[in-house]
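All remarks here apply to the structure that follows.
The values are calculated or read from the model by the stated rules, or taken from the named source; none is laboratory data. This structure is a prediction, so every number in the text was calculated from the model and none was measured. No Cβ is skipped: glycine too gets one built from the backbone with ideal geometry, and neighbour counts run over all protein chains shown. Surface areas here come from the heavy atoms of the whole protein model, side chains and all, with no ligands, DNA or RNA. Shrake-Rupley method; radii C 1.70, N 1.55, O 1.52, S 1.80 Å.
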Amino acid sequence: MLLLASQSPRRAELLKQIGIPFSQYPVDIDETVLAHENPDEYVRRMAQEKSNLGYKRAGAKKLVLGADTIVVAQGNILGKPKDKTDAMRMLNILSDNTHQVFTAVTITSGKQQKTIVVETQVCFGPLSTLQMAWYWKTGEPQDKAGSYGIQGLGGQFVKHINGSYSAVVGLPLYQTRMLLTEFGILNEC
């Protein structure tokens, strides 16, 4: 039985696309960035901690998938906005620029743990102050890393991406399928 150590409806929807049964098993961890931790190290640690905690709580004979997604612009991790001012600041940074989205996936079993990190380049078009204010009022940016959701209204601001669309949403489907195959959950077909 696979457990998804996340309450994210987006990750659950993506995992359903792979076509295997799973249960959601949300966990809460401290998501503070450590001093001198780069984005790859941070997102990897977050996915591992979620998977480890889920495995520890769920007990033996379970596979636990933990995942984390971060938005990185100008070398800085952009988390979820604290308020409208913070969201406007982030959207202004993303406006007419390319940023990176890192998604890490960790699967933990009683015998092993594996983690992959997928990086995608996302290019935004220019955003006006009115567009950013309108977007904030929709409510969509309020619980999203970097203050946007590519799969929703925020997708209209994206000029192009280089990498995995599903990783930007929250779970890289191809790489997750490969990990699940390694753990014997899926056949290689």
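Residues that are touching a Phe, Trp or Tyr at 6+ places or on another chain (Cβ under 9 Å), open to solvent by less than 20 Å² (accessible area, probe 1.4 Å) and touching a residue at least 40 places away in the same chain (Cβ under 8 Å) within region 138-156 comprise 141, 147, 148, listed in sequence order. Condition first: in contact with a Phe, Trp or Tyr (Cβ under 7 Å, 6 or more places away or on another chain), at pLDDT 95 or above and loosely packed, with under 14 Cβ neighbours inside 10 Å. Can you find one or more residues in region 129-137 that meet it? Checked against the condition, which is being in contact with a Phe, Trp or Tyr (Cβ under 7 Å, 6 or more places away or on another chain), at pLDDT 95 or above and loosely packed, with under 14 Cβ neighbours inside 10 Å, region 129-137 yields no hits at all.
Only one of 114, 84, 80 is in contact (Cβ under 8 Å) with a residue 40 or more places away in the chain, buried (at least 16 other Cβ atoms within 10 Å of the Cβ) and of a type in the set (Lys, Arg); which?
Numbers: 114 fails: buried (at least 16 other Cβ atoms within 10 Å of the Cβ); 84 fails: buried (at least 16 other Cβ atoms within 10 Å of the Cβ).
Every option except 80 fails the conditions.
Taken together, the residues in region 1-55 that are open to solvent by 70 Å² or more (accessible area, probe 1.4 Å), closer than 17 Å to residue 173 by Cα, assigned to a helix (DSSP H, G or I) and not basic (Lys, Arg) amount to 3. Out of the residues in region 1-46 meeting the condition of being among the β-branched types (Val, Ile, Thr) and closer than 13 Å to residue 176 by Cβ, tell me which one is farthest from the chain's Cα centre (by Cα). By that ranking, first place goes to 20.
Remark: residue 170 matches the filter, which requires a residue to be open to solvent by less than 20 Å² (accessible area, probe 1.4 Å) and at positive phi.
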